[in-house]
Amino acid sequence: MKLSDQIVVVTGASGVVGSALIDYMKGRAKHVIGILREAAVDYRPVDDQHSYVTGDLTDRVSVNFIVTEILRHMDSFHAWINTAGGFVMDGPVDQIQGAAWPRMFNLNYLTCLNACQAILPLFKEQQYGHIINFGSAAGESGLAGAAPYAMSKAAVHNLTLTIAAESAGEYTANLIIPAVIDTPANRESMPDGDFDSWAKPEIIAAKIAGILNETDNPPNGEKFFV
């Protein structure tokens, strides 16, 4: 299925990467749906190219309602891109307070897990679907001063590869692994970083579109470093 025939869902729609993905997919995908974080689940159509759904991805019940609401307005969806998450430099491991660990775990891993568990039954039933999860170079090699973040992203990596291994050709699951994404929050957290070398959201969006547009031999269980 070409990208132009796919309905694409993007979590973290209010973030820099999520909003860039939505802008890039409009006009390229059949329809793009952004997930916004709010307590109540609500479907908000914008135009014939895109819509939004509100809900809480850290709450599995809310995620189930999000999926139900999407299917109430669309016949199905074909790709789900998990960009929702957060990043904090919490300091050295021995100085990190206890609340920092579940905070990053919930924002980065639990949101991804809840979404994947909610959509996999649909992808198995229709024997088609793409899951693209956002990992991080920190999830591969660690990051001094950001252990909770690195830990949560390592969990996302393992989850994605496990889902891919279980797919039996019914769907695909792949990882986007940026070194550092060029966002205002990351510039504030790492003011001495080499901003020119950081991954640009629009370049990441183009890469994801290429993955979704691959019809002959779609990748599965791959890590795409950007």
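Throughout, read-outs are computed from the coordinates displayed, never taken from laboratory work. What you are looking at is a predicted structure, and each value in this text was computed from that prediction instead of being measured. Backbone-built Cβ (ideal geometry, glycine too); neighbour counts: all protein chains shown.
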Stretchable slack from A144 to D196, in nm (0.36 nm times residue separation minus alpha-carbon distance): 16.6 nm
Full-stretch length increase - D23, M74 - with 0.36 nm per residue and alpha-carbon distance subtracted: 16.4 nm
Estimated [θ] at 222 nm from DSSP helical runs (n ≥ 4, -39500 (n - 2.57)) normalised by residues in the chain, nearest 500: -11500 deg cm²/dmol
Distance violations [Cα-Cα > 20 Å] among K2/K26; K26/K200; K200/K223; K30/K207; K30/K223; K26/K207: K30/K223
Residue order, fewest to most beta carbons within 10 Å, for E166, E222, E188: E188, E166, E222
Exposure proxy ranking, count of Cβ atoms within 10 Å, fewest first, for Y52, Y171: Y52, Y171
DSSP-defined beta bridges in the chain - what % are antiparallel, rounded to 5: 10 percent
Stretch gain in nm, segment R44-N158, where the contour uses 0.36 nm per residue and the Cα spacing is subtracted: 37.7 nm
